[in-house]
Amino acid sequence: MEMDFPVINMEKLNGDERGAVMDQINDACQNWGFFELLNHGISHELMDKVEKLTKEHYRKRMEQRFKEMVASKGLDSVETENNDTDWESTFFLRHLPSSNMSQIPDLDQDYREVMKEFAVELEKLAEQILDLLCHNLGLEKGYLKKAFYGSKGPNFGSKISNYPPCPKPDLIKGLRAHTDAGGLILLFQDHKVSGLQLLKDGKWVDVPPMHHSIVINLGDQLEVITNGKYKSVMHRVIAQTDGNRMSIASFYNPGDDAVIYPAPALVEGEEDKGKLYPKFVFDDYMKLYVGVKFEAKEPRFEAMKAMESTNPIATV
(Lines give C-alpha, C1' and ligand atoms only; values in the text may rest on other atoms or scores of the structure.)
Protein backbone atom coordinates (compact mmCIF):
# COMPACT_ATOMS: atom_id res chain seq x y z
CA MET A 1 0.00 0.00 0.00
CA GLU A 2 2.79 2.39 0.93
CA MET A 3 4.23 2.08 -2.59
CA ASP A 4 0.99 3.49 -4.02
CA PHE A 5 1.06 6.58 -1.82
CA PRO A 6 1.26 9.60 -4.16
CA VAL A 7 4.75 11.12 -4.18
CA ILE A 8 5.16 14.17 -6.43
CA ASN A 9 8.57 15.25 -7.76
CA MET A 10 8.00 18.97 -8.30
CA GLU A 11 11.11 19.32 -10.45
CA LYS A 12 9.22 17.47 -13.18
CA LEU A 13 6.69 20.32 -13.39
CA ASN A 14 9.32 22.25 -15.34
CA GLY A 15 9.78 19.72 -18.14
CA ASP A 16 8.10 17.34 -20.56
CA GLU A 17 6.46 15.40 -17.74
CA ARG A 18 4.44 18.38 -16.44
CA GLY A 19 1.12 17.02 -17.75
CA ALA A 20 1.64 13.62 -16.11
CA VAL A 21 2.62 15.23 -12.78
CA MET A 22 -0.44 17.52 -12.86
CA ASP A 23 -2.60 14.43 -13.45
CA GLN A 24 -0.89 12.73 -10.51
CA ILE A 25 -1.68 15.73 -8.26
CA ASN A 26 -5.30 15.76 -9.44
CA ASP A 27 -5.68 12.03 -8.77
CA ALA A 28 -4.13 12.45 -5.29
CA CYS A 29 -6.58 15.28 -4.47
CA GLN A 30 -9.58 13.25 -5.67
CA ASN A 31 -8.67 9.84 -4.26
CA TRP A 32 -6.28 10.37 -1.34
CA GLY A 33 -6.65 13.90 0.08
CA PHE A 34 -2.88 13.66 0.69
CA PHE A 35 0.33 13.70 -1.34
CA GLU A 36 4.03 14.04 -0.59
CA LEU A 37 6.30 16.59 -2.29
CA LEU A 38 9.95 16.15 -3.18
CA ASN A 39 12.14 18.89 -4.74
CA HIS A 40 9.64 21.51 -3.57
CA GLY A 41 12.09 24.41 -3.52
CA ILE A 42 12.67 24.71 0.25
CA SER A 43 16.37 24.21 0.90
CA HIS A 44 17.48 21.05 2.67
CA GLU A 45 19.86 23.15 4.75
CA LEU A 46 16.97 25.23 6.11
CA MET A 47 14.89 22.11 6.82
CA ASP A 48 17.82 20.52 8.68
CA LYS A 49 18.17 23.65 10.83
CA VAL A 50 14.43 23.68 11.59
CA GLU A 51 14.53 20.01 12.61
CA LYS A 52 17.65 20.39 14.78
CA LEU A 53 16.33 23.46 16.62
CA THR A 54 12.81 22.02 17.02
CA LYS A 55 14.22 18.89 18.65
CA GLU A 56 16.54 20.95 20.86
CA HIS A 57 13.61 23.16 21.91
CA TYR A 58 11.61 20.09 22.92
CA ARG A 59 14.47 18.70 25.01
CA LYS A 60 15.23 22.03 26.71
CA ARG A 61 11.75 23.49 27.19
CA MET A 62 9.01 20.91 26.64
CA GLU A 63 10.14 17.42 27.65
CA GLN A 64 9.92 17.90 31.40
CA ARG A 65 6.49 19.54 31.10
CA PHE A 66 5.27 16.60 29.04
CA LYS A 67 6.53 14.10 31.63
CA GLU A 68 4.76 16.02 34.39
CA MET A 69 1.50 16.04 32.38
CA VAL A 70 1.75 12.26 31.82
CA ALA A 71 2.37 11.68 35.52
CA SER A 72 -0.46 13.99 36.64
CA LYS A 73 -2.98 12.23 34.36
CA GLY A 74 -1.61 8.73 35.05
CA LEU A 75 -1.26 8.15 31.29
CA ASP A 76 1.73 5.83 31.63
CA SER A 77 -0.36 3.32 33.60
CA VAL A 78 -3.70 3.30 31.72
CA GLU A 79 -5.35 -0.10 31.44
CA THR A 80 -8.16 0.71 29.01
CA GLU A 81 -8.29 2.70 25.77
CA ASN A 82 -8.09 6.46 26.37
CA ASN A 83 -10.15 8.49 23.89
CA ASP A 84 -9.87 11.86 25.66
CA THR A 85 -6.15 12.62 25.41
CA ASP A 86 -3.45 12.74 22.74
CA TRP A 87 0.10 11.57 23.44
CA GLU A 88 1.71 14.74 22.08
CA SER A 89 3.61 17.80 23.23
CA THR A 90 2.67 20.87 21.17
CA PHE A 91 2.82 24.62 20.80
CA PHE A 92 1.50 26.98 18.13
CA LEU A 93 3.11 29.74 16.10
CA ARG A 94 0.98 32.24 14.21
CA HIS A 95 2.51 33.81 11.08
CA LEU A 96 -0.39 35.61 9.32
CA PRO A 97 -2.18 37.98 9.40
CA SER A 98 0.19 38.90 12.26
CA SER A 99 2.95 36.93 13.94
CA ASN A 100 2.94 35.92 17.61
CA MET A 101 6.55 34.73 17.47
CA SER A 102 7.91 37.55 19.63
CA GLN A 103 5.26 36.89 22.31
CA ILE A 104 6.31 33.29 22.96
CA PRO A 105 8.71 33.64 25.88
CA ASP A 106 10.85 30.51 25.78
CA LEU A 107 11.91 30.44 22.11
CA ASP A 108 15.64 30.98 21.57
CA GLN A 109 16.40 33.83 19.16
CA ASP A 110 18.04 31.59 16.54
CA TYR A 111 14.97 29.30 16.58
CA ARG A 112 12.68 32.32 16.12
CA GLU A 113 14.70 33.49 13.10
CA VAL A 114 14.78 30.06 11.47
CA MET A 115 11.05 29.50 11.96
CA LYS A 116 10.33 32.94 10.47
CA GLU A 117 12.38 32.06 7.39
CA PHE A 118 10.71 28.63 7.14
CA ALA A 119 7.23 30.19 7.37
CA VAL A 120 7.98 32.52 4.44
CA GLU A 121 9.06 29.54 2.31
CA LEU A 122 6.01 27.50 3.32
CA GLU A 123 3.66 30.39 2.49
CA LYS A 124 5.14 30.63 -1.02
CA LEU A 125 4.84 26.86 -1.47
CA ALA A 126 1.22 26.85 -0.24
CA GLU A 127 0.25 29.51 -2.78
CA GLN A 128 2.07 27.64 -5.54
CA ILE A 129 0.17 24.44 -4.70
CA LEU A 130 -3.16 26.31 -4.57
CA ASP A 131 -2.52 27.58 -8.11
CA LEU A 132 -1.70 24.04 -9.32
CA LEU A 133 -5.06 22.97 -7.86
CA CYS A 134 -6.76 25.90 -9.62
CA HIS A 135 -5.29 24.75 -12.93
CA ASN A 136 -6.48 21.17 -12.40
CA LEU A 137 -9.95 22.35 -11.40
CA GLY A 138 -10.30 24.71 -14.36
CA LEU A 139 -10.44 27.75 -12.06
CA GLU A 140 -8.63 30.97 -12.89
CA LYS A 141 -5.16 31.36 -11.41
CA GLY A 142 -5.35 32.90 -7.93
CA TYR A 143 -8.99 31.88 -7.36
CA LEU A 144 -8.30 29.81 -4.23
CA LYS A 145 -5.96 32.38 -2.70
CA LYS A 146 -8.66 35.02 -3.28
CA ALA A 147 -11.35 32.73 -1.81
CA PHE A 148 -9.25 32.41 1.36
CA TYR A 149 -8.37 36.08 1.58
CA GLY A 150 -11.18 37.73 3.54
CA SER A 151 -10.48 41.35 4.52
CA LYS A 152 -7.06 40.83 6.14
CA GLY A 153 -5.56 37.94 4.19
CA PRO A 154 -5.30 34.26 5.12
CA ASN A 155 -4.71 32.76 8.54
CA PHE A 156 -1.38 30.95 8.48
CA GLY A 157 0.19 29.21 11.46
CA SER A 158 2.19 26.17 12.52
CA LYS A 159 1.50 23.49 15.11
CA ILE A 160 4.85 22.17 16.34
CA SER A 161 4.48 18.73 17.87
CA ASN A 162 6.64 16.04 19.39
CA TYR A 163 5.35 12.52 19.92
CA PRO A 164 7.60 10.97 22.61
CA PRO A 165 7.91 7.18 23.12
CA CYS A 166 4.63 5.82 24.49
CA PRO A 167 4.49 2.73 26.77
CA LYS A 168 0.95 1.79 25.64
CA PRO A 169 0.39 2.88 22.02
CA ASP A 170 -2.50 0.42 21.67
CA LEU A 171 -4.42 2.36 24.35
CA ILE A 172 -3.46 6.00 23.62
CA LYS A 173 -3.26 7.64 20.18
CA GLY A 174 -0.55 10.17 19.40
CA LEU A 175 -3.37 12.20 17.83
CA ARG A 176 -6.95 10.97 17.48
CA ALA A 177 -8.54 10.61 14.03
CA HIS A 178 -9.90 13.82 12.47
CA THR A 179 -10.12 15.84 9.29
CA ASP A 180 -8.51 19.29 9.25
CA ALA A 181 -10.94 22.19 9.34
CA GLY A 182 -8.93 24.62 7.26
CA GLY A 183 -7.57 24.93 3.75
CA LEU A 184 -4.18 23.53 2.76
CA ILE A 185 -1.89 21.81 5.28
CA LEU A 186 1.87 21.49 4.75
CA LEU A 187 3.62 18.98 7.00
CA PHE A 188 7.34 18.66 7.68
CA GLN A 189 7.56 15.35 9.53
CA ASP A 190 10.29 13.24 11.06
CA HIS A 191 11.91 11.04 8.42
CA LYS A 192 13.07 8.40 10.92
CA VAL A 193 10.04 7.86 13.15
CA SER A 194 6.71 7.09 11.45
CA GLY A 195 3.19 7.35 12.87
CA LEU A 196 0.96 9.38 10.52
CA GLN A 197 -1.85 7.37 8.90
CA LEU A 198 -4.78 8.29 6.66
CA LEU A 199 -8.06 6.46 6.13
CA LYS A 200 -8.44 5.20 2.55
CA ASP A 201 -11.18 2.82 1.39
CA GLY A 202 -11.89 1.86 5.00
CA LYS A 203 -8.24 1.00 5.84
CA TRP A 204 -5.55 2.92 7.69
CA VAL A 205 -2.58 3.58 5.39
CA ASP A 206 0.85 4.82 6.52
CA VAL A 207 2.09 8.14 5.15
CA PRO A 208 5.71 7.19 4.42
CA PRO A 209 8.35 9.30 6.17
CA MET A 210 10.76 10.64 3.52
CA HIS A 211 13.80 12.84 4.08
CA HIS A 212 13.25 16.53 3.22
CA SER A 213 9.72 15.98 1.95
CA ILE A 214 6.65 18.14 2.60
CA VAL A 215 3.37 16.25 2.97
CA ILE A 216 0.30 18.10 1.70
CA ASN A 217 -3.25 17.39 2.85
CA LEU A 218 -6.53 19.06 2.03
CA GLY A 219 -8.80 20.57 4.68
CA ASP A 220 -12.58 20.82 4.86
CA GLN A 221 -12.64 24.25 3.17
CA LEU A 222 -11.16 22.90 -0.06
CA GLU A 223 -13.82 20.17 -0.07
CA VAL A 224 -16.49 22.89 0.14
CA ILE A 225 -14.95 25.19 -2.50
CA THR A 226 -14.49 22.29 -4.94
CA ASN A 227 -18.10 21.16 -4.30
CA GLY A 228 -16.78 17.76 -3.19
CA LYS A 229 -14.52 17.12 -6.18
CA TYR A 230 -11.61 17.10 -3.73
CA LYS A 231 -12.09 15.70 -0.21
CA SER A 232 -10.59 16.20 3.21
CA VAL A 233 -9.61 12.84 4.69
CA MET A 234 -9.55 11.38 8.20
CA HIS A 235 -6.02 10.92 9.55
CA ARG A 236 -4.39 10.12 12.88
CA VAL A 237 -1.01 9.69 14.55
CA ILE A 238 -0.11 6.35 16.10
CA ALA A 239 2.18 6.68 19.11
CA GLN A 240 5.37 4.57 19.02
CA THR A 241 7.10 2.67 21.81
CA ASP A 242 10.48 4.06 20.78
CA GLY A 243 11.72 7.16 18.97
CA ASN A 244 10.53 10.75 19.39
CA ARG A 245 8.60 11.85 16.26
CA MET A 246 8.79 15.51 15.25
CA SER A 247 5.93 17.09 13.29
CA ILE A 248 5.51 20.67 12.05
CA ALA A 249 2.06 21.08 10.49
CA SER A 250 1.49 24.49 8.89
CA PHE A 251 -2.08 25.50 8.12
CA TYR A 252 -2.80 27.89 5.23
CA ASN A 253 -6.40 28.71 6.13
CA PRO A 254 -9.02 31.25 5.10
CA GLY A 255 -9.16 34.57 6.94
CA ASP A 256 -11.66 34.70 9.81
CA ASP A 257 -14.22 36.69 7.80
CA ALA A 258 -13.70 34.89 4.47
CA VAL A 259 -16.99 33.64 3.02
CA ILE A 260 -16.58 30.04 1.88
CA TYR A 261 -18.84 28.42 -0.73
CA PRO A 262 -18.58 26.13 -3.77
CA ALA A 263 -16.89 27.81 -6.75
CA PRO A 264 -19.71 28.69 -9.19
CA ALA A 265 -17.67 27.36 -12.13
CA LEU A 266 -17.60 23.92 -10.49
CA VAL A 267 -21.32 23.91 -9.69
CA GLU A 268 -22.43 25.09 -13.14
CA GLY A 269 -20.69 22.20 -14.85
CA GLU A 270 -22.58 19.63 -12.76
CA GLU A 271 -26.28 20.36 -13.14
CA ASP A 272 -27.14 16.84 -11.99
CA LYS A 273 -25.52 17.42 -8.60
CA GLY A 274 -25.96 21.16 -8.08
CA LYS A 275 -24.48 22.91 -5.03
CA LEU A 276 -23.71 20.20 -2.48
CA TYR A 277 -22.16 22.38 0.22
CA PRO A 278 -23.28 25.44 2.18
CA LYS A 279 -22.04 29.02 2.21
CA PHE A 280 -20.64 30.23 5.55
CA VAL A 281 -18.13 32.50 7.24
CA PHE A 282 -14.93 30.59 8.04
CA ASP A 283 -14.82 31.74 11.67
CA ASP A 284 -18.32 30.32 12.26
CA TYR A 285 -17.11 26.96 10.99
CA MET A 286 -14.07 27.08 13.28
CA LYS A 287 -16.21 27.86 16.33
CA LEU A 288 -18.23 24.73 15.61
CA TYR A 289 -15.15 22.60 14.77
CA VAL A 290 -13.39 23.25 18.08
CA GLY A 291 -16.00 21.24 19.98
CA VAL A 292 -16.36 18.39 17.49
CA LYS A 293 -12.89 18.03 15.91
CA PHE A 294 -12.69 14.28 16.48
CA GLU A 295 -16.13 13.56 15.03
CA ALA A 296 -17.24 13.06 11.41
CA LYS A 297 -17.20 16.17 9.20
CA GLU A 298 -20.61 15.63 7.55
CA PRO A 299 -22.66 16.88 10.56
CA ARG A 300 -20.52 20.05 10.55
CA PHE A 301 -21.49 20.72 6.94
CA GLU A 302 -25.15 20.03 7.79
CA ALA A 303 -24.98 22.47 10.73
CA MET A 304 -23.58 25.13 8.39
CA LYS A 305 -26.40 24.39 5.90
CA ALA A 306 -28.96 24.91 8.66
CA MET A 307 -27.30 28.19 9.63
CA GLU A 308 -27.30 29.29 5.97
CA SER A 309 -31.02 28.56 5.58
CA THR A 310 -31.94 30.71 8.60
CA ASN A 311 -29.35 33.43 8.00
CA PRO A 312 -28.25 33.58 4.32
CA ILE A 313 -24.94 35.28 3.52
CA ALA A 314 -24.72 37.63 0.56
CA THR A 315 -21.85 37.07 -1.86
CA VAL A 316 -19.96 40.26 -2.57
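Working value for the range 120-247: equivalent-ellipsoid semi-axes of 29, 16, 13 Å, each the square root of 5 times a Cα gyration tensor eigenvalue, largest first. Considering the chain as a Gaussian network with a 10 Å cut-off on Cα pairs, which listed residue, 189, 30, 221, attains the greatest mean-square fluctuation? Evaluated over the chain, the most mobile residue of the options is 30. Shown in residue order for the range 100-111 are the 3J(HN,Hα) couplings computed by the Karplus curve 6.51 cos²θ - 1.76 cosθ + 1.60 at θ = phi - 60°: 10, 4, 6, 8, 8, x, 9, 8, 5, 4, 5, 5 Hz (x for Gly and Pro). Evaluating 6.51 cos²θ - 1.76 cosθ + 1.60 at θ = phi - 60° for every residue in the range 162-167, the Karplus couplings come out as 10, 10, x, x, 10, x Hz, glycine and proline recorded as x. Over the Cα atoms of the range 65-166, what is the Rg over Rh ratio if Rh follows Kirkwood? Ratio of gyration radius to Kirkwood radius: 1.12.
Amide H contacts under 5 Å for residue 37: 8, 214, 215, 216, restricted to partners 5 or more places along the chain or on a different chain, H placed in the peptide plane at 1.01 Å from N.
Helical runs (DSSP H, four residues minimum) scored at -39500 (n - 2.57) apiece and divided by the length of the chain put the mean residue ellipticity at 222 nm at -11000 deg cm²/dmol. In this simple spin-label model, placing a label point 7 Å from the Cα along the Cα-to-Cβ direction at both residue 84 and residue 310 gives a separation of 3.0 nm. Residue 247 sits with roughly 10 Å² accessible to a 1.4 Å probe, with DNA, RNA and ligands left out of the calculation. Normalised per residue, the accessible area of the range 98-186 is 40 Å², obtained with a 1.4 Å probe and no contribution from ligands, DNA or RNA. The 3J(HN,Hα) values that the Karplus relation (6.51, -1.76, 1.60; θ = phi - 60°) gives for the range 79-86 are, in residue order, 10, 10, 4, 9, 9, 10, 9, 10 Hz. Gly and Pro appear as x.
For the range 54-81, backbone nitrogen atoms closer than 13 Å to the point 7 Å from residue 170 Cα along Cα-to-C-beta are found at 79-81.
Between the amide H of residue 180 and those of 220, 233, distances stay under 5 Å, these residues lying 5 or more places away or on another chain, with hydrogens modeled in the peptide plane. Please work out the Cα center distance from the range 1-64 to the range 245-316, rounded to the nearest Å. Centre-to-centre distance over Cα atoms comes out at 26 Å. Nonpolar atom fraction for the range 1-98, defined as the carbon and sulfur part of the 1.4 Å probe accessible area, stands at 45 percent.
Mind putting a number on the dipole of the range 228-316 about its Cα centre? Charges go on the C-beta only, +1 for Lys and Arg and -1 for Asp and Glu, and I need it in Debye to the nearest 20. Mind dumping the intermediate values first?
Numbers: 12 positive and 13 negative charges, 62 e Å.
The dipole of the range 228-316 has a size of about 300 debye.
Take the solvent-accessible surface of the protein heavy atoms, probe 1.4 Å, and return the percent of it on the range 110-255 that carbon and sulfur atoms account for. Its accessible area is 50 percent carbon and sulfur atoms. Between 261, 249, 285, the Cα set farthest toward the positive side of the dipole of the chain (charges on each charged residue's Cβ, about the Cα centre) is that of 285. Each 10 Å bin from 0 upward holds the following percent of the Cα-Cα pairs of the range 163-316: 10, 35, 31, 17, 6, 0.
Across the chain, the convex hull enclosing all Cα atoms gives 146 Å³ per residue. For a 20 Å ceiling on Cα separation, which of these pairs sit above it: 152/231; 229/279; 146/305; 229/275; 52/173; 124/159? Distance filter (> 20 Å) returns 152/231; 146/305; 52/173.
Please name whichever of 64, 149, 118 sits farthest to the positive end of the charge dipole of the chain, dipole taken about the Cα centre and charges placed at Cβ: Lys and Arg +1, Asp and Glu -1. It is 64.
Bridgeable aspartates and glutamates around residue 145 (alpha carbons under 12 Å apart, same-chain partners fewer than 8 residues away excluded): 123, 127, 131. Cβ-Cβ distance of residue 116 and residue 192, R₀ of 25 Å, FRET efficiency by 1/(1 + (r/R0)^6): the value works out to about 0.45.
Computed over the Cα atoms of the range 159-220, what is the ratio Rg over Rh, Rh following Kirkwood?
On the way: Rg = 12.5 Å, Rh = 13.2 Å.
Rg/Rh: 0.94.
Taking the Cα centre of the chain as origin and assigning +1 to Lys and Arg Cβ atoms and -1 to Asp and Glu Cβ atoms, the resulting dipole is close to 620 debye. Specify the angular offset, from 0 to 90 degrees and rounded to the nearest 10, of the alpha carbon long axis of helix 18-31 from the longest principal axis of the alpha carbons in the chain. Taking the Cα atoms of the chain, the angle to 18-31 is about 80 degrees.
The values are calculated or read from the model by the stated rules, or taken from the named source; none is laboratory data. Keep in mind it's a predicted model, so treat the numbers as computed, not measured. Because the Cβ atoms are built from the backbone with ideal geometry, glycine has one as well, and the counts that use them run over all protein chains shown. To get the accessible areas, we keep the full protein, side chains included, count just its heavy atoms, and leave off ligands, DNA and RNA. Shrake-Rupley method; radii C 1.70, N 1.55, O 1.52, S 1.80 Å.
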